[in-house]
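Working notes, structure below.
The values are calculated or read from the model by the stated rules, or taken from the named source; none is laboratory data. Bear in mind that the values here come from a model prediction, so they are computed numbers and not experimental data. So basically every Cβ, Gly included, is an ideal-geometry build from the backbone, and we count neighbours across all protein chains shown.
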Amino acid sequence: MFVMLAHLQPYLRAAALALGLLCATARPQDPQPVPSVFEFPCLGYAKAVNTRGSFGFHVPRGNSPFQDSWHLAEDVWLPAGSEVHAIADGVVRYSAFSPTWTDAQGETHWNLGNVVVIEHPLQPSEKEAESICSFYVHLAADRRVKVGESVKRGDVLGRIGKAESEENGRYPAHLHFGIHLGPYLQIPPMLERELRTAAKSKQGLCMGAVVLRGEIVLERSGVSDVRITAKESGANCVLSLLVGSTCPKDPPPDIALWCQGYGDQATLQEWLRPSAFLAARHAR
Ligand SMILES: [Zn+2]
């Protein structure tokens, strides 16, 4: 329960801001569907992903801050300074530094270093989803792209950050590369699960003064919000999907919950195994 509410906390904060202070932000640009040809984000990608950093790797209990969770991406072990490329045409949704901070519940949100997220709408022939988002984490400070910018397949987005540096989140030098199903602004399945579980709990789903109980309905409301309604009572509230990433004082743009590198086992279903996805669509 604690973890569940801790996860919701950035959403609640964002929702309060959205209701009180901010207007819904229009999406900067709607990207066009891209051909089903992708490339790897780095030269030598396949060889540079080892078993331990592979997709779905389970961190045993008692081993790290990510204990008993599953790795949602692939770690690409190449030297600092290696170029990182866009895997396909798309639009930049996030490009910012994401520092460590501790929220009101005492949960630490770990520094991810410099992060870029690109949304790639897929051709209708692609079965997985109408779009995917690619996540490039632990980059150097010299990111080459800005939010809203269109990029082409192969464009340089940045470089792998220096080992143990502030810019890369204090990790050994590597790229954490993930592919999340669906557009950047969506109701992340993990959030939906948490909301439904909270509404069915003894305390109910507390959204400020509103408490939602039992079965709930989630509907997109405008460009960036979701309306949550309790089926039985009709009580409802609006939640922003634009969550503050990670730093309360100087919040970079939204990053959703997706950019956590590790998650519970069910969360794996929201992510694709990057090497398999890219190998199947790679230009020969
Ligand atoms: Zn990783």
**Message:** Show me the strands (runs of 3 or more DSSP E) entirely contained within region 175-215 in which 1 or more residues are among the hydrophobic types (A, V, I, L, M, F, W, C) and free of Cβ contacts under 8 Å to residues at least 60 places away in the same chain.
**Reply:** 205-207, 210-212
**Residue match in region 136-155 (condition: closer than 16 Å to ILE179 by Cα, of a type in the set (A, V, I, L, M, F, W, C), away from the ligand (no atom under 16 Å from the Cβ) and at pLDDT 80 or above)** = no
**Condition met for SER134 (of a type in the set (Ser, Thr, Tyr), over 20 Å from the mean Cα position of the chain (by Cα), surrounded by 16 or more Cβ atoms within 10 Å (Cβ to Cβ) and under 19 Å from LEU78 (Cβ atoms))** = no
**Prompt:** Can TYR94 be described as part of a strand (DSSP E or B), modelled with pLDDT of 95 or more and of a type in the set (Phe, Trp, Tyr)?
**Reply:** no
**Message:** Condition first: among the hydroxyl-bearing types (Ser, Thr, Tyr) and either out of contact with any Asp or Glu (no Cβ under 8 Å at 6 or more places or on another chain) or crowded, with 24+ Cβ neighbours inside 10 Å (or both). Now tell me which residues in region 165-181 satisfy that.
**Reply:** SER165
**Request:** Evaluate the following for TYR184: is it of a type in the set (Ser, Thr, Tyr) and more than 16 Å from the ligand (Cβ to nearest atom)?
**Result:** yes
**Prompt:** Quick check, is ARG159 in contact (Cβ under 8 Å) with a residue 12 or more places away in the chain, assigned to a strand (DSSP E or B) and either away from the ligand (no atom under 16 Å from the Cβ) or not assigned by TED's automatic domain parsing to the domain that holds TRP70 (or both)?
**Reply:** yes
